[in-house]
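Engineer: Quick one: structure below, then a few questions.
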Amino acid sequence: MKEKIRKFIIDNFMYGKGKLKDDISLFDSGIMDSLGFIKLLAFIEKTFRVSIDMSEVAIDNFDTVDEIVKTVSKKKRPGK
Amino acid sequence: MELKRTAARFAKAKLSEDIITRDKICEFSRKGWLECAKFGLQSMVVPEEGGGGGLGPVDTVSVLEGIGLGCMDNGLLCALSAHIWGCVLPILRFGTEQQKKRYLSPLMDGALIGANAMTELEAGSDVYSLKTAAKKKKGHFLISGRKVFITNAPVADIFVVYVRTGNRKGMAGISCFLIEKGAKGFFVGKNIDKMGLRTSTMSEIVLDGCRVSDENLIGRYNSGAVVFNESISWERMGVAALQLGAIERLCNICAGYAKTREVFGRPIAGFKIVSDRIRDMELCLKKGRALVHRAAKARQCGRPAFIESAKAKLYVSESYLRCSRQALQIHGAYGYMTEYGLEREMRDAMASTIHSGTSEVLQEMIRKTRKVVR
């Protein structure tokens, strides 16, 4: 899961170049903007077959690769 | 279809009174506002168990299309859009139970008017470069800054205000607050005179150490951008539906006029140049309707429809401006006269390509997200 997410971010927001640390803030570093965020949510829903309710979204939960993985894993857990 | 017809009948009968005079003197219609509340416009997206109409996105755009078709007071519709999408929706989707209990009922029955304050002098199209900031204290926030071009501000009772919380850049460090008119340190400017949509009010607001309780936060701390994205996405679809109705109204007016107006001994509808103009307007209507309903269906399936809504708004607002110009031209000198209402329609249509995301911003957004399937 982590690899897929990291690849998506590098391909879509970093022109397919560079390294991405798992704990770097995607928003503060300027890698992801509001449109990128929408794009990321669409990717997550489609790739990992989870449904994201916007009213439950906290930006901090999508701020780093680690946080994204944690958030998606929670969503995928049965009963979540 | 029935929803649209009913809405159009209501709007035609109740919402266009004295529009020429009120447009001249920039007068907002409180009477029209209350009629809309009685009809259920302010509450249509609120679930039935919450006292609203419980309409889904597809039915909502049908109602709005009908309202746009019947109502000539585009300023009133602009005020309604700011109220529903900018204030009611954020409370409904992101508000606490306490906020819903306190504000939704009076916002639905017309007693309160809502406004939405995002834009700043240096944060218009670049919405997330906000300077207005909140300092977190124990149990409350102190907010300072200035918001401009705020629709409804002179008549609003409750404001949804987006401010920077913390030192983070861009969309990550923004929070959303509910602030009531009359709060200490909260000031509303005078109504601004403008080219079109003159029956809706607009002014700046100034926050000077405005004290706001923690309980006034809408959505999560530092996640106001999520609230804004959801609100603006609905708003774009909603205003596009209203403008579709306006385009249909213009088509009907022009088709009727072209059949009865004669030059060189025959109706102008018989001249190719005129019938081509009307056909162009009808084509805009059909294409626009397909885009608006596509966005509504995407929402109905549970998707935010961010890009679909942007596409619908971009196409319909540009088409509305184009069709208002065509309508004026078909009417010749009569169209240029205030009495016929077509010059007002053109002034109003110009605004539609600027508010809720300028056409340029929407084009750029669509270009950047071409592969988005959401």
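Any read-out appearing in this document is the output of simple, stated calculations on the displayed coordinates, not a laboratory observation. All of these numbers come straight from a predicted model, not from anything done at the bench. Don't worry about glycine lacking a Cβ; one is built from the backbone with ideal geometry, like all the others, and counts go over all protein chains shown.
Engineer: Within the set A:Lys7/A:Lys75; B:Lys194/B:Lys286; A:Lys19/A:Lys39; B:Lys131/B:Lys184, which residue pairs have Cα atoms separated by over 25 Å?
Structural biologist: B:Lys194/B:Lys286, as the Cα separations exceed 25 Å there.
Engineer: So, one more: Take peptides B:219-225, B:103-109, B:121-127 and line them up by average Cβ neighbours within 10 Å, highest first, as a rough protection proxy.
Structural biologist: Packing proxy ranking, top to bottom: B:219-225, B:103-109, B:121-127.
Engineer: Need the C-alpha centroid separation for segment B:77-92 versus segment B:153-184, integer Å.
Structural biologist: Taking the Cα centre of segment B:153-184 as reference, the centre of segment B:77-92 is 15 Å away.
Engineer: For the protein assembly as shown, with equal point scatterers placed on the C-alpha atoms only and solvent neglected, what are the log10 I(q)/I(0) values from the Debye formula at q = 0.13, 0.14 1/Å, to two decimals?
Structural biologist: -1.18, -1.33
Engineer: Could you work out the Kirkwood radius for chain A, taking every pair of different alpha carbons, averaging 1/r and inverting it, reported in Å?
Structural biologist: Evaluated over chain A, this radius sits at 12.7 Å.
Engineer: To the nearest Å, what is the center-to-center distance of segment A:20-76 and segment B:261-280, using C-alpha atoms only?
Structural biologist: Centre-to-centre distance over Cα atoms comes out at 56 Å.
Engineer: Given an 8 Å cut-off on Cα distances and at least 6 residues of separation, report the relative contact order of chain B as a percent.
Structural biologist: 17
Engineer: Sort the following peptides by mean Cβ neighbour count (other Cβ atoms within 10 Å, averaged over residues), highest first: A:14-27, B:317-330.
Structural biologist: Final packing ranking: B:317-330, A:14-27.
Engineer: In peptide B:223-231, how many Cβ atoms from other protein chains are near each Cβ within 10 Å, on average?
Structural biologist: Mean shielding by partner chains, rounded to a whole number: 4.
Engineer: Something else about it: From the convex hull of the Cα coordinates of chain B, what is the mean projected area in square nanometres?
Structural biologist: Taking the Cα atoms of chain B, their convex hull projects to 18.3 nm² on average.
Engineer: Hey, can you rank B:155-166, B:43-54 by average C-beta count inside 10 Å, highest first?
Structural biologist: Result, highest mean Cβ count within 10 Å first: B:155-166, B:43-54.
Engineer: Also, quick follow-up: Going through segment B:8-64, which chymotrypsin sites (Phe, Trp or Tyr not before Pro) have at most 10 other Cβ atoms within 10 Å and a DSSP loop state?
Structural biologist: Taking segment B:8-64 and a limit of 10 other Cβ atoms within 10 Å, no loop chymotrypsin sites (Phe, Trp or Tyr not before Pro) are found.
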